[in-house]
Amino acid sequence: MAKHTIQEAPSLLVDTLRQFTSLVQGELTLARAEMSRIITRAGVGIMFIAIAMLMALVSLNVLASAAVAYIATNGLSVGLSALIVGGVLIVTAIGFALAGKSRLSADALTPERTAESVRKDFKAMKEASNV
């Protein structure tokens, strides 16, 4: 780095503060964007869980109807078909529940890019101050 005179100190300090302010504003913008993405992801996860709960309720209704129909008819056609439909619905509900759970995991909701960017900024400032 070039040597500076003492007369340049105030302007260098102002320039340093301006750059630091710009850096902080950039980090805040990045954090806001990443948090927006995380909130959207959490919303989708909650929606998947809600769909899974609704489908589980419907599948339990169908399975109950299937059991009643199976017992009432004591045959395979009506009851077995209702059991198959109920089974497919419950498997679908489980799929939605697992998809929603994965979207709400702690790893999926951490702001990784912001944390890495802040680490790099602190490292750069530390290196610059040791010159």
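Quick look at the values:
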| read-out | value |
| --- | --- |
| Failed criterion for I71 (all others in (1) in a helix (DSSP H, G or I); (2) surrounded by 11 or more Cβ atoms within 10 Å (Cβ to Cβ); (3) at pLDDT below 80 hold) | (2) |
| Per-region count, segment 3-44, residues closer than 19 Å to A124 by Cα and of a type in the set (K, R) | 1 |
| Within segment 1-11, tally of residues that are at pLDDT 80 or above and closer than 16 Å to A128 by Cβ | 0 |
| Only one of G26, G43 that is within 25 Å of S102 (Cβ to Cβ), free of Cβ contacts under 8 Å to residues at least 12 places away in the same chain and either assigned to a helix (DSSP H, G or I) or among the charged types (D, E, K, R) (or both) | G43 |
| Residue match in segment 65-78 (condition: in contact with a Gly (Cβ under 7 Å, 6 or more places away or on another chain) and among the hydrophobic types (A, V, I, L, M, F, W, C)) | yes |
| Count - residues of segment 2-35 that are among the acidic types (D, E) and within 15 Å of S117 (Cβ to Cβ) | 2 |
| Residues (more than 21 Å from A99 (Cα to Cα), polar (S, T, N, Q) and crowded, with 16+ Cβ neighbours inside 10 Å) located in segment 46-68 | S65 |
| In segment 90-124, the residues that are in contact (Cβ under 8 Å) with a residue 60 or more places away in the chain and more than 20 Å from the chain's Cα centre (by Cα) | V118, D121 |
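Table: residues versus (1) part of a helix (DSSP H, G or I); (2) at pLDDT 80 or above; (3) of a type in the set (F, W, Y).
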| site | (1), (2), (3) |
| --- | --- |
| A56 | yes, yes, no |
| N61 | yes, yes, no |
| A67 | yes, no, no |
| G75 | no, no, no |
| V78 | yes, no, no |
| V85 | yes, no, no |
| G95 | yes, yes, no |
| G100 | yes, yes, no |
| D121 | yes, no, no |
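The values are calculated or read from the model by the stated rules, or taken from the named source; none is laboratory data. Keep in mind that what you see is a predicted model, and the values were worked out from it rather than measured. In this analysis, Cβ positions are derived from the backbone assuming ideal geometry, glycine residues included, and neighbour counts consider all displayed protein chains.
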